[in-house]
Structure formats: structure tokens, C-alpha cells
Amino acid sequence: MQYLTLSRLSSSARPVRPDEGIAFIEQLIFPTLDQCKKLQAEGRILARGPVSGAVALALIVAAESALELDDLITSLAVWPRMETEVIPLTTFDARRQTLLSRIEELQTQARESVISNPGGG
């Protein structure tokens with residue numbers, strides 16, 4: 001399954017002093033970027049990018065389960081300082097199949113409505 005993950009730096013986690021900023025970048029950001037590149041090479045991150053103008057990451061992750069996804073996200077060096085939203089994704093074919101089933105339900109309801117109210121009013 002594929003998931004869109006959006007991770008943003010928690011407002012309380014922002015470095016205040018320059019030395020904190022340096023440590024934050026060297027100890028958390030750079031290792032996270034390196035780890036994301038490795039996960040992408042392994043095919044676990046399918047698409048990614050740092051969000052422009054923010055301390056944030058947007059990733060499309062391939063994971064067999066929510067637990068595997070959780071393990072991947074929590075393994076990122078910067079994770080303890082981030083707020084993460086996870087959005088499960090489906091495929092275009094799966095969405096089409098869902099809509100075809102919905103159309104059948106609506107057609108059945110429409111037929112039943114005509115049968116139960118043949119005069120239309």
C-alpha cells in the first residue's frame with residue numbers, strides 16, 4: 001500500500017539560538033535527508049521532497065502495513081521533533097472499482113424508486 005506522509009517541524013521544536021540551529025541541521029536534518037535518499041534507493045520511498053520554505057517533508061511511502069509505515073517514519077532522525085499526518089492512498093483502478101459498485105447501488109435505488117412511485121409524485 002502507498003501512503004502520503006506530511007511531516008512538519010513542531011513549533012515548539014524550533015531552534016532559537018544559532019548554535020542550536022547548527023546542531024539541529026547537522027544532527028537531525030542531514031541524517032534524515034541521507035536516510036530518505038537510502039529509503040528511496042531501496043524503493044520504500046516512491047516520491048519525496050522537502051517542502052519549500054518550511055522545515056517539512058512530503059513523502060509517498062510504500063509499506064505492507066501500518067506498522068511497517070510507523071517503523072519507517074519513527075526511524076527518521078528528525079521524527080521526535082515533527083508532527084506527522086499520514087494519508088493512505090488507493091490506486092486509480094481501485095477507485096474506479098469502488099465507483100462502479102456505487103453506480104450499481106444508485107441504479108438499483110433509482111429502479112426501486114420508479115417501482116415504488118410509478119406516478120412520479
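Values quoted throughout were computed directly from the atomic coordinates according to the rules given, and no laboratory measurement underlies them. The shown structure was predicted, so the numbers you read here are calculated from the model rather than taken from an experiment. Here the Cβ is made from the backbone with ideal geometry for all residues, glycine too, and neighbour counts use every protein chain on show.
Express the relative contact order of the chain as a whole percentage, based on alpha carbon pairs under 8 Å and six or more residues apart in sequence. Computed over the chain, the figure is 39 percent. What is the distance in Å between the Cα centres of region 62-78 and region 84-121? About 34 Å separates the Cα centre of region 62-78 from the one of region 84-121.
Give me log10 I(q)/I(0) at q = 0.20 Å⁻¹ for region 55-121, Debye formula, one equal scatterer per alpha-carbon, no solvent. Those come out to -0.89, one per q.
Enter the angle in degrees (range 0 to 90, nearest 10) between the Cα long axis of helix 92-116 and the first principal axis of the Cα atoms of the chain, meaning the one along which they spread out most. Taking the Cα atoms of the chain, the angle to 92-116 is about 30 degrees.
What FRET efficiency comes out for Val86 versus Val114 if R0 is 35 angstrom and r is the Cβ-Cβ distance? Round to the nearest 0.05. After rounding to 0.05, the efficiency reads 0.20. Overall dimensions of region 2-89, expressed as equivalent-ellipsoid semi-axes from the Cα gyration tensor (√(5λ), whole Å, largest first), are 23, 13, 11. The alpha carbon convex hull volume per residue for region 3-51 rounds to 78 Å³.
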